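The values are calculated or read from the model by the stated rules, or taken from the named source; none is laboratory data. What you are looking at is a predicted structure, and each value in this text was computed from that prediction instead of being measured. Note that each Cβ is placed from the backbone with ideal geometry, even for glycine, and that neighbours are counted across all protein chains shown.
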Amino acid sequence: MSGKRMGRQTVMLEHPPSIVGHACVVGHKEGEGPLAATFDFISQDDSFGERSWEKAESAMQRLALSTALSKAGLSPTALDYVLAGDLLNQCIGTGFAVRGQDVPFLGLYGACSTMAESLSLAAMLLDGGFANHAAAMTSSHFCSAERQYRAPLEYGGQRPPTAQWTVTGSGCIILADTGPGPCVTHVTTGKIVDKGIKDAANMGAAMAPAAYHTIKTHLEETGRKPSEYDLIVTGDLGQLGRDIVADWFRRDGVELNNLSDCGTLIFDLEGQDVHCGGSGCGCSAVVLAGLLMRGMREGRWKRLLFCGTGALLSPTSTQQGESIPSICHAVALEVGR
């Protein structure tokens, strides 16, 4: 194992797993945004035919998983593991989605970083020889998240300018121990970073320190320069958080001209009234499984650094006046390894 470790937080995978299937499912508002052509399924009914928002989230995950498996030419029985989670209490969206699949399951919670967390762990399982195929998956739903973290929609609460819009969507990535790629080559596991932000409506500012720390650590431990990546994508800091990260690197004398953010990509920030952009587990998941994977397969990008960010708060911690701990995990994706 020591031969794979490049530093305190980064590992280089000896046998980089290949992404052999990917799928993304989104709701109506996301389908009206600039990335509509990259999604596999756009529902005009955000309930997805279910009787509750939480059941709709499970339906999204089931559809994302089945679509990704179909594109990979695999059946659920080919999976050695499903690694997945969501924003709901006890990850019920995921638990009920995976129910009946008859696949070993590892439930995860990393808030909006869950896609990067599940992809990291799945890749390390395959590189370690513990699996041949694994699925990394997550989801979020605007209505279930509002009820979970803030207030039911019927309350009609006003959103401040720093707020972000939780994406209704689910993304799934299928990894195999062999294949043409894109491949997962490096994983930088984040540390908890907390700079004292207490405003639950300003998660971009809360998560930006973790993104800065993880990206900087990844570059230092791999010895790579930012320019060696075609794109460094955070998810999902929104406009404010992305600008904070870029400014901190600029103070270090580093211009991140290739820095982007899933929360700013998925919506038209001015035309769709989402304030600082998108958020939620599903935000980075659907951008990764849609725009980024398609771009890599089409040759638009050959090397990406996908940096999932998460605000690890809850209604209880917010009501008790706690600050917001944040996390960021980075996954290097490459074509041609």
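Here are the numbers:
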{"quantity": "Residue list for the range 52-104, restricted to those being among the β-branched types (Val, Ile, Thr), touching a residue at least 40 places away in the same chain (Cβ under 8 Å) and not in a strand (DSSP E or B)", "calculated": "Thr67, Thr94"}
{"quantity": "Residue check, Ser18 of a type outside the set (D, E, K, R) and out of contact with any Pro (no Cβ under 7 Å at 6 or more places or on another chain)", "calculated": "no"}
{"quantity": "All positions within the range 195-218 that are under 20 Å from Asp252 (Cα atoms) and more than 18 Å from the chain's Cα centre (by Cα)", "calculated": "Lys195, Lys216, Thr217"}
{"quantity": "Meets criteria (free of Cβ contacts under 8 Å to residues at least 24 places away in the same chain, out of contact with any Leu (no Cβ under 7 Å at 6 or more places or on another chain) and surrounded by fewer than 19 Cβ atoms within 10 Å (Cβ to Cβ)) for Asp247", "calculated": "yes"}
{"quantity": "Among (1) at pLDDT 95 or above; (2) assigned to a loop (DSSP other than H, G, I, E, B); (3) over 20 Å from the mean Cα position of the chain (by Cα); (4) not β-branched (Val, Ile, Thr), the one test that Glu221 misses", "calculated": "(2)"}
{"quantity": "Residue satisfying condition, being modelled with pLDDT of 95 or more and in contact with a helix residue (DSSP H, G or I) (Cβ under 6 Å, 6 or more places away or on another chain), within set Ala134, Ala111, Ala72", "calculated": "Ala134"}
{"quantity": "Boolean, Ile92 is within 17 Å of Val286 (Cβ to Cβ), of a type in the set (Val, Ile, Thr) and at pLDDT 95 or above", "calculated": "no"}
{"quantity": "Criterion: part of a loop (DSSP other than H, G, I, E, B) and not assigned by TED's automatic domain parsing to the domain that holds Leu88 - qualifying residue of Gly190, Gly157, Gly129", "calculated": "Gly190"}
{"quantity": "Residue check, Ile197 touching a residue at least 12 places away in the same chain (Cβ under 8 Å) and not in a loop (DSSP other than H, G, I, E, B)", "calculated": "no"}
{"quantity": "Wholly enclosed strands (runs of 3 or more DSSP E) of the range 235-337 bearing at least 3 residues of a type in the set (Gly, Ala, Ser)", "calculated": "303-311, 326-334"}
{"quantity": "Unique residue being more than 30 Å from Ile42 (Cβ to Cβ), surrounded by fewer than 16 Cβ atoms within 10 Å (Cβ to Cβ), modelled with pLDDT of 95 or more and of a type in the set (Asp, Glu) when the list is Asp194, Asp177", "calculated": "Asp194"}
{"quantity": "Boolean, Thr178 is over 24 Å from Ser279 (Cβ atoms), of a type in the set (S, T, N, Q) and part of a strand (DSSP E or B)", "calculated": "no"}
{"quantity": "Residues of the range 32-51 classified as in a loop (DSSP other than H, G, I, E, B) and among the small types (Gly, Ala, Ser), total", "calculated": "4"}
{"quantity": "Filtered residues of the range 261-273 (kept if at pLDDT 95 or above and either crowded, with 18+ Cβ neighbours inside 10 Å or assigned by TED's automatic domain parsing to the domain that holds Val26 (or both))", "calculated": "Asp261, Cys262, Gly263, Thr264, Leu265, Ile266, Phe267"}
{"quantity": "Residue among Ala122, Ala116, Ala78 that alone is more than 19 Å from the chain's Cα centre (by Cα), farther than 23 Å from Gly49 by Cα and of a type outside the set (D, E, K, R)", "calculated": "Ala78"}
{"quantity": "Residue check, Glu117 within 19 Å of His186 (Cα to Cα), touching a strand residue (DSSP E or B) at 6+ places or on another chain (Cβ under 8 Å) and charged (D, E, K, R)", "calculated": "yes"}
